[in-house]
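Below is one structure; the comments refer to it alone.
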């Protein structure tokens, strides 16, 4: 099965994730002002007949013209203080099979970049702690609280990012700016294997690409171990 999404698919899915993240934060803040969204890991698979919510996946495909119907595994990363530690736990328990894409949706501090620069969390020199400190201590800073969606496709062709900066109104409910998005070429799985030590990316992109690369290695290893397990029973009388 071809699981690789198109660029348009990825842009559409990032828009969908951001739409839902903005809605969830707004509704949470109506209940409890200035609430934070928990970090979420989203894994997209091609939906097939018999899957739960397959009809919903087909309906979304028809409405938004994606190349495939997708079902989404949504995993809150809340059982550890650090979402990156939580994600490491997730990797250990996932079945070793191809998926279409992986995305990470979270709140962050981000500096407002110009059109020719990478989003801060994509850069290797980005420091979340420094951003948080400057945001809290410098009233003239250009750093904003931001919802961020970051995604990588199965073949590691591109890194996708979408930002939605916000501020709070007097009731502690977010007022969002327009979304900004970008995608950065990664060059594919083989290139990443050759250049893994030379790539300089921020923590989130590095985490997602490492996740995808691990699953590639794991699925390749599974093909081999499956063949070992499925070998026909050896006849004791046969010569080895």
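Values for this structure:
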| item | result |
| --- | --- |
| Prolate/oblate/rounded call for the stretch 1-92, Cα gyration tensor, a/c under 1.5 rounded | oblate |
| Compactness of the stretch 9-57, expressed as Rg and Dmax over alpha-carbon positions, Å | 14.0, 42 |
| Along principal axes, Cα extents of the stretch 34-87, largest first, whole Å | 38, 26, 17 |
| Ranked by how many other beta carbons lie within 10 Å on average, peptides 211-218, 161-168 from highest | 161-168, 211-218 |
| Residue 217-residue 97 pseudo-label distance in nm [points 7 Å out on the Cα-to-Cβ vector] | 2.3 nm |
| Paramagnetic reach from residue 31 (point 7 Å along Cα→Cβ, amide N under 17 Å) across the stretch 166-180 | 172-174 |
| Fewest-first sequence of 71, 203 by Cβ atoms within 10 Å of each Cβ | 203, 71 |
| Sequence ranges 170-176, 7-13, ranked by mean other-Cβ count within 10 angstrom, highest first | 7-13, 170-176 |
| Calculated FRET efficiency for the pair residue 55/residue 84, C-beta based, R₀ 30 Å, to 0.05 | 0.30 |
| Relative packing of peptides 61-69, 30-38 - highest average C-beta neighbours within 10 Å first | 61-69, 30-38 |
| Residues 149, 189 arranged by fewest to most Cβ contacts within 10 Å | 189, 149 |
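Any read-out appearing in this document is the output of simple, stated calculations on the displayed coordinates, not a laboratory observation. Predicted, not measured: the structure shown is a model, and the values here were computed from it. In this analysis, Cβ positions are derived from the backbone assuming ideal geometry, glycine residues included, and neighbour counts consider all displayed protein chains.
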